[in-house]
């Protein structure tokens, strides 16, 4: 079976978690790739579901062993990293990462189809509103600077979605994911068509 990786990127507050949850709930065949972080879990987060929570020394030991393919220190604070064993438990995966991780995976997995989504908030003010609406933060300016950096790389992605209306954005993404899954089986479907042609030619002999 062919492999397919979905990547979701966007500034802080762009709705990445909402989009990812919608995708793997709508398409059970897509499995979430759980990434690593050195920060402590938040009250609603679960180990092995939202993140793999590890201490910093364990994090860099995994980097040394090649278990983490790429990583980033976010907001000059905690480290986040993506695993190198993406397809150990499934051939269709989805993961969240920033533009640097997206670039790394595109470079490493050149023989694998990567369908990437960049989520664009409707405005800078909305980014501020969504960041502050989730929790009190002490690093708002760092988050805003990171958001602008992410936006500068939107053109690298397969699909760019403006998430100004959640229902519309989710419908657009669901349609695109469905098309990617159909295209994943293109060669198999083409072979089926060829078998029909061959059977017809055989009957005509």
Q) Among (1) crowded, with 19+ Cβ neighbours inside 10 Å; (2) within 15 Å of the chain's Cα centre (by Cα); (3) in the same structural domain as residue 171 (by TED's automatic domain parsing), where does residue 121 come up short? A) (2)
Q.
For the structure I just gave you, tell me whether residue 113 is modelled with pLDDT of 85 or more, surrounded by fewer than 17 Cβ atoms within 10 Å (Cβ to Cβ) and touching a strand residue (DSSP E or B) at 6+ places or on another chain (Cβ under 6 Å).
A. yes
Q: Mind checking which strands (runs of 3 or more DSSP E) fall wholly inside the stretch 1-89 and carry at least 2 residues that are farther than 19 Å from residue 150 by Cα?
A: 4-9, 68-74
Q: Of the numbered conditions (1) assigned by TED's automatic domain parsing to the domain that holds residue 180; (2) exposed (fewer than 13 other Cβ atoms within 10 Å of the Cβ), residue 66 fails exactly one; give the number of that condition.
A: (1)
Q | Residue check for residue 190: part of a helix (DSSP H, G or I), closer than 21 Å to residue 22 by Cβ and either out of contact with any helix residue (DSSP H, G or I) (no Cβ under 8 Å at 6 or more places or on another chain) or not assigned by TED's automatic domain parsing to the domain that holds residue 23 (or both) | A | no
(Q) Please go through the stretch 27-47 and give me each residue that is farther than 13 Å from residue 180 by Cβ and touching a residue at least 24 places away in the same chain (Cβ under 8 Å), ordered by number. (A) 31, 32, 33, 34, 35, 36, 37, 38, 39
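Just checking, how many residues over the stretch 120-149 are at pLDDT 80 or above and in contact with a helix residue (DSSP H, G or I) (Cβ under 6 Å, 6 or more places away or on another chain)? Show your work before the answer.
Step one: of the stretch 120-149, the residues at pLDDT 80 or above are 120-125, 144-149.
Retained after the next criterion (residues that are in contact with a helix residue (DSSP H, G or I) (Cβ under 6 Å, 6 or more places away or on another chain)): 121, 147.
Of the residues in that region, 2 qualify.
The values are calculated or read from the model by the stated rules, or taken from the named source; none is laboratory data. On a predicted model such as this, the values are computed, not experimentally measured, just so you know. With ideal geometry, Cβ positions are generated from the backbone for all residues, glycine too; neighbour counts draw on all protein chains shown.
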